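**Student:** There's a structure below that I have some questions on.
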Amino acid sequence: MTLLGRIFGQPDVPEHNYRESALAFPELDVERIAKRLQLAQEGTRRGSTNEPPIAPDSFDPIEARVTAEIDREAKAAYEAYAAHSAAYSDRISGLGIANIVASLGASAQSVRVDLDAQIQHGRDALFELAEAVTGTRGELQAFQRTHELDRRSRHPVSRRKHAALALLLVLVEAPLNGTFLAAGNVMGLLGGVSQALVIAVINVATGLFAGRFIFPNILHRSRLRHLAGTVAGVAAAFLIITFNLAVAHYRAALQSSDPRNAERQAVQAFLASPMNIDEISGWLLFAVGIGFACIAAADGWRMDDPYPGYGAVARRYEEAHDDYVAERSERLNALEDVRRLSIDRLESLSRELEAKARQYRSLAQSQVALHERFDQHLNHLEHCCNDLLSRYRHANRMARIADPPAHFSTPWRLARPGSLARPAGIEIDDDLARAAALAASDLKQVRESVDAAFQDALRRYRAMDDLIGATTANADNSTRPAPQA
C-alpha cells in the first residue's frame with residue numbers, strides 16, 4: 001500500500017490510546033431508583049388524600065424529587081462528556097503533523113552529512129593502521145631475506161595449549177614419581193608425592209626452557225649463535241640426565257637401612273658411580289624423568305617458530321594486519337549502521353506521519369461518536385424520568401377519588417445544554433496530502449543517496465587496501481604467517 005493510501009485508507013481503525021466504551025454514560029437502574037424514592041408508596045399515600053390537588057399545574061414534591069434526581073444525572077453526564085470532548089480536542093491539536101513533515105525534510109538533509117563524517121573518520125583511523133601493516137611487513141620481509149627464510153612462520157595461534165601441556169606433564173609425572181619415592185620416605189606417600197612434585201617441576205621446567213630458548217639457536221644462521229646453541233643444548237641434555245640419575249640414586253638410598261640420610265648417601269653414590277643403579281625401580285624413575293623432560297622440550301620447541309626471532313617478527317605483522325582487518329570491518333559495520341539507522345529514522349517518521357493522519361481522522365470521528373452517545377444518553381435519562389414519574393402517578397391515580405392534575409398526562413422534557421452543538425468532522429486537507437506525497441518522494445531519493453554514499457565508502461576503503469599492497473579479503477600469502485597449533 002502506498003504512503004497516500006495508508007494515510008487516507010482505513011479511517012475507521014482507531015490509532016489513539018482512548019478506548020471507545022459505553023461505560024462513559026452508564027444506564028440508570030430505574031427499579032432501584034423507584035424503590036429508593038418509594039414512588040409506589042408515596043403515590044398511594046398522597047393519592048389517598050387527593051394530593052396533589054387538581055388546580056395547581058406544577059410538580060408536587062415527589063415529582064420534583066424525581067426530576068431533580070435526573071437533572072443531577074444529566075449534569076454529571078454533561079461534565080463527563082465535556083471532559084472527553086476536551087481530551088479529543090487536545091489530542092487533535094497535539095498531533096503536530098506539520099512538525100513531522102518538517103522533521104522528514106531535516107532528517108533527509110542530515111543523513112548524507114552523517115555518512116560523510118563517518119567515512120572521513122574511518123579513513124583517518126585506517127590510514128594509521130595501514131602504515132603499521134606496511135612497516136611490519138617490510139620488517140618481516142627484511143628478516144626473511146637476512147636469514148634466508150623462504151617459508152611462512154610456524155608459530156602457534158595461541159600458547160595456551162602448550163602451557164596447559166606443561167602443567168599436565170607436572171601433574172602426571174608427580175604422582176608417578178611419588179609412587180617410587182614413597183617407599184622408605186619417613187613421611188610416607190605424602191612425603192614421596194611432595195618431593196616428586198618438586199622433581200617434576202624442575203624436570204619439566206628445564207626441558208621446557210631448553211626447548212624454547214636453547215635448542216632453536218642451533219638452527220640460527222649466525223655461526224656464533226649456532227655454536228652457543230649447540231654447546232648450551234648439550235649442557236642442558238647433560239643437566240637433565242645428571243639430575244634424573246641423581247633422583248634414581250636418591251630412590252635407591254631411600255631403600256637403605258638409614259633412609260633419614262638418603263640425600264647424603266645418594267650424593268656419595270652418584271659421585272662414586274653415576275651409572276651404578278642396582279634396582280629396576282630406580283631405572284624406571286630415571287626413564288620417567290628423561291621422558292617427561294623430552295616431552296617438555298618438544299612442547300617448548302613448538303611454542304614458537306623454531307627459528308629464533310622469526311615468530312616474534314611474524315606475529316607483529318600478523319597483529320598489525322589483523323588490527324587493520326578488524327578496524328576495516330568495524331568501520332564498514334559502522335557505515336552500515338549509519339545507513340540502516342538513517343533509513344529507519346526516516347521510515348519511522350514516515351510511519352508516524354501515516355499514523356498521525358489516521359489518528360487525525362479517527363479522533364474526529366470518535367468525537368462525533370461521543371456526541372451522539374451523549375445525546376442518546378440524554379434521551380435515555382428523559383425516558384427514565386418519565387418512567388419514574390409514571391410509576392408515581394399511576395399509584396397516585398389508583399388511590400385518589402378526585403381527578404388527577406392535568407400535568408399527569410404531560411411527558412417531562414429534559415433541557416439540553418446550550419453548548420451541545422454537534423462537532424464538525426475534521427478532514428485531512430490538501431496541504432497535508434501534498435506534504436505526505438512530498439515526504440514519500442524525499443524518502444526514495446534519500447535511500448538512493450545513502451546507497452550511493454555507502455558504495456563510495458567501499459571504493460575508498462578498497463583504495464586503502466591497495467595502499468598496504470593487498471586486499472583485506474585476501475591477504476598476501478607470501479608474507480603473512482600461517483599460524484599453526
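The values are calculated or read from the model by the stated rules, or taken from the named source; none is laboratory data. Computed from a predicted model, the values in this text were never measured in an experiment. So basically every Cβ, Gly included, is an ideal-geometry build from the backbone, and we count neighbours across all protein chains shown.
**Student:** All but one of (1) over 26 Å from residue 382 (Cα atoms); (2) at pLDDT below 85; (3) surrounded by 12 or more Cβ atoms within 10 Å (Cβ to Cβ) hold for residue 12; which doesn't?
**Tutor:** (3)
**Student:** Continuing with the same structure: Out of the residues in the range 324-344 that are among the acidic types (Asp, Glu) and surrounded by fewer than 16 Cβ atoms within 10 Å (Cβ to Cβ), state the one that is nearest to residue 123 (Cα to Cα).
**Tutor:** 330
**Student:** I'd like the residue in the range 56-86 that is assigned to a loop (DSSP other than H, G, I, E, B) and touching a residue at least 60 places away in the same chain (Cβ under 8 Å) and, out of all such residues, is surrounded by the most Cβ atoms within 10 Å (Cβ to Cβ).
**Tutor:** Filtering first and then ranking leaves 59.
**Student:** Quick one: is residue 115 at pLDDT 75 or above, surrounded by 14 or more Cβ atoms within 10 Å (Cβ to Cβ) and under 30 Å from the mean Cα position of the chain (by Cα)?
**Tutor:** When the stated conditions are applied, residue 115 does not pass them.
**Student:** Confirm whether residue 347 is surrounded by fewer than 19 Cβ atoms within 10 Å (Cβ to Cβ) and in a helix (DSSP H, G or I).
**Tutor:** It is true that residue 347 is surrounded by fewer than 19 Cβ atoms within 10 Å (Cβ to Cβ) and in a helix (DSSP H, G or I).
**Student:** Residue 453 passes all but one of (1) farther than 22 Å from residue 330 by Cβ; (2) surrounded by 18 or more Cβ atoms within 10 Å (Cβ to Cβ); (3) at pLDDT 65 or above; which number fails?
**Tutor:** With (1) farther than 22 Å from residue 330 by Cβ; (2) surrounded by 18 or more Cβ atoms within 10 Å (Cβ to Cβ); (3) at pLDDT 65 or above applied to residue 453, the lone miss is (1).
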